[in-house]
Amino acid sequence: MCDKNYLVVVNKAISTTTPLTPIEQTVEKITTSLFSKGEQVRFSANYAEATNYVSSTAPVDCVMLEWAPEKSAEITAFLKQLRIRHEKAPAFLLINSHQDNASVTAEVMGDVSETFLVLDDTTDFIVGRLQSAVARYEKVIMPPLMAAMMKYAKEKEYSWSAPGHQGGIGFCKTPVGRKFFDFYGENIFRTDMGIERACLGSMLDHTGAFGDSEKYIAGVFGADRSYSLVVGTSGANRTIMQACCTDQDIAICDRNSHKSIEQGLMLTGVHPVYMTPTRNAYGIIGPIPKAQMQPQALQAQIKQNRFASHAANPRPVYSVVTNCTYDGLIYNGDTIQHLLGQSCDRIHYDEAWFGYSRFNPIYKSFHAMRGDKAAHTADQPTIFATHSTHKLLNALSQASYIHIREGRGNVKPAQFSQAYMMHATTSPLYSIAASNDVAAAMMEGNQGVNLTTEVIEEAVEFRQAVARAYRDAEQNNDWFFKPWNAETVTCPRTGNRYAFADAPEELLVKEQSCWTLDPQDSWHGFNDLDENWVMLDPVKVSLLTPGLNGDGSLQDNGVPAALVTAYLSSLGIVPTRTTDFQVMFLFSMGVTKGKWATLMNSLISFKKHYDADALLSEVLPGLVETDPELYGTMTMQQLGQRMISFLKTHNPSEQLNKAYSTLPQMDMLPRDAYTQLVRDNTELVSIYDLAGRTAANSVIPYPPGIPMLMSGENFGDKNSPQIAYLQALQAWDDAFPGFEHETEGAEKEQGVYHVMCVKAV
């Protein structure tokens, strides 16, 4: 199979009826030679077509282009675009004569690799130069592990060790296995190998190509050390905690943490002291107030904590903050380090959804691996960052990074590796590790800023389109979706103030101040907000539906977000998060240009159906099938109004906000609660009997997938918001089949939610 792709740009299509020019003759000979060698050649007859091609996702390993003085501007523009997407690709300039050679501009000369006078060099020589350049290019762009794997695959090793499928041949021996093999292709099986391959080194020992890859990743991400993982950021988080904490230690934990942090608490036995984020009326999780990170506040929290106050070591050994929340809010990394660094020597930024942060200036200072690592001195705290490479970078699922900047409280490599091996596998899928390698290579140099800027541009274009549609609707006393972002922005250079819908795109794409949350603004809905403390990630787009006032009170009419998501899902469009009146979409590097236009079309289509009060049987037949008796004759607005009435009566979001804004009583440490679970000293308890009971496992509503109640915490009295939320959830599921919520840690028994609780002693 060919893996070399050449693009040839000539000033006109090569004709078979008119005599060929010297350049056309040379190009024909070159392409004939390349074809004979199994290479792929594509022709473009003009620079507009060629520019579109190199701006797409099409493969380009080499470019040949004809010089024409009259097309100097077009050629310059083409080369500029080529370097955005294919920064290091070889480009060869073909020139007819010495006279033309003198007309080549310095700008063009600086952007091409080599120049040929077609009458002075032979075809074989030019083809040889082309192939040599492509070979060098491949070596330059390939990161260490991927290069080693490709080299290994070419050796066609005859293995007598695991895995048993032996390069996929084992699968081919039955019909179903053959289907599996053909579906994925041979390469993934040929590179699926055991740890005996010394030529690649060891992932567990960080040697050979694996070790080189981790050093390379560290260089790209500005870390002193980086680790490649194939167990997701859940495993990465647990690894860090296991390397830093033991029982009798104190950890400062963001309450808005992934469940893997709670798992780390169980594994280590560390005593958690929590910081509680704010929430707005829409249920969007806001920042932890800076005041909670002050040393005095944390000391007070430790003294009030019945477990931490008796810890052997009174100084916290570890702290963790979720940087980039599920809804896209990001902390000022400098300020976090300054505040938490006064209380703790190790700060962990859980940046699972924020792996691209280092590569675009709009995020400057708002992430863990900030600036030049050399500026991070030994007297500063040790910084950890975890990135889910597979989430918003480009890698296979389960791929993740750990990055470390060494400082006070540094965990030595040998010590850290012990924790790493506890959570790694001795049989990793090398393809996942290689995708980590490639993900870093894709962000190196100008590629990172180009890729991230492209995503931000797409998200901004969509936000502005929605904002304009919302404004138009409002002016006509109509409704539309409203983007959750600042309503006005100011250019810091000119002082010009714009409505968000009308702001220059370049300003929104490049200016950080357009996305920092101003404490004086009302659009974000957060109280006690600090200046320059948090910003909104432009690529995480939340749309608000009508029905909720800014103070959290419900309107008489509205459009429940659950209904919007149901409609979009019926069209094959899947949002990442849905609350009562919020629908969220992630823009990532895999989003194709203009993809948002289809989303916009679908939102407009939903509005038309909703305004026309269409029958559910016509618009959402799949929903009707879940309960024909309930939904068979119901219209869109009837269902929407029914949902609004339910929310007014039960208000689960208000209960959930209360549950998240208060810290339940901790009856036992998460580790001790888990011990009771292992010993089977637990029982399922109905949501109507939870008062005063201790949870044996965490209760995690989706969205956002953040524990409402941790293992070992008490549900409180019968009026507690935790109990009220679960009861409201039960009522919702009963009232609206097909719209059930997911709540981890709660399971249905005979149609009623139950939670695993510790048996009364």
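Scanning the range 652-687 for residues that are in contact with a Gly (Cβ under 9 Å, 6 or more places away or on another chain) and farther than 30 Å from ALA311 by Cβ yields SER653, GLU654, LEU656, ASN657. Do we find that THR635 is hydroxyl-bearing (Ser, Thr, Tyr), within 30 Å of ASP613 (Cα to Cα) and either under 32 Å from the mean Cα position of the chain (by Cα) or not assigned by TED's automatic domain parsing to the domain that holds ALA311 (or both) in this structure? Spelling it out, THR635 is indeed hydroxyl-bearing (Ser, Thr, Tyr), within 30 Å of ASP613 (Cα to Cα) and either under 32 Å from the mean Cα position of the chain (by Cα) or not assigned by TED's automatic domain parsing to the domain that holds ALA311 (or both). Of all residues in the range 667-710, exactly one satisfies the criterion of being of a type in the set (A, V, I, L, M, F, W, C), surrounded by fewer than 17 Cβ atoms within 10 Å (Cβ to Cβ) and closer than 18 Å to GLN655 by Cβ, namely ALA691.
The set of residues from the range 399-424 being touching a residue at least 40 places away in the same chain (Cβ under 8 Å), over 16 Å from GLY235 (Cα atoms) and assigned to a helix (DSSP H, G or I) comprises PRO413, GLN415.
Among the residues here, ALA441 qualifies as out of contact with any helix residue (DSSP H, G or I) (no Cβ under 6 Å at 6 or more places or on another chain), within 30 Å of THR191 (Cα to Cα) and at pLDDT 95 or above.
What helices (runs of 4 or more DSSP H) completely inside the range 88-196 contain at least 3 residues that are of a type in the set (A, V, I, L, M)?
Here the list reads 106-111, 123-141, 144-154.
Working only within the range 197-213, note down all residues that are part of a helix (DSSP H, G or I) and modelled with pLDDT of 90 or more. Across the range 197-213, the qualifying residues are GLY208, ALA209, PHE210, GLY211, ASP212, SER213. Identification of strands (runs of 3 or more DSSP E) wholly contained in the range 329-392 with 3 or more residues that are outside the structural domain of ARG405 (by TED's automatic domain parsing) and within 18 Å of the chain's Cα centre (by Cα) yields no element. Beta carbons closer than 7 Å, at least 6 apart along the sequence or on distinct chains, pair a first residue in the range 267-285 that is among the small types (Gly, Ala, Ser) with a second that is buried (at least 23 other Cβ atoms within 10 Å of the Cβ) and part of a helix (DSSP H, G or I) for GLY283/LEU656. Scanning the range 489-512 for residues that are exposed (fewer than 15 other Cβ atoms within 10 Å of the Cβ), within 18 Å of TYR470 (Cα to Cα) and among the small types (Gly, Ala, Ser) yields one hit, ALA499.
Which ranges mark the helices (runs of 4 or more DSSP H) fully within the range 605-677 that have 2 or more residues being of a type in the set (A, V, I, L, M) and farther than 25 Å from HIS271 by Cα? Don't jump to the end; show me each part of the working.
On the way: elements: 616-619, 621-626, 628-631, 636-650, 652-661.
Qualifying helices (runs of 4 or more DSSP H): 616-619, 621-626, 636-650.
Would you be able to say whether some residue in the range 554-570 is over 21 Å from TRP732 (Cβ atoms) and assigned to a loop (DSSP other than H, G, I, E, B)? Looking through the range 554-570, none of the residues is over 21 Å from TRP732 (Cβ atoms) and assigned to a loop (DSSP other than H, G, I, E, B).
The values are calculated or read from the model by the stated rules, or taken from the named source; none is laboratory data. Remember, it's a predicted structure, so these values are computed and weren't measured experimentally. Here Cβ is always computed from backbone atoms with ideal geometry, including for glycine, and neighbour counts include all displayed protein chains.
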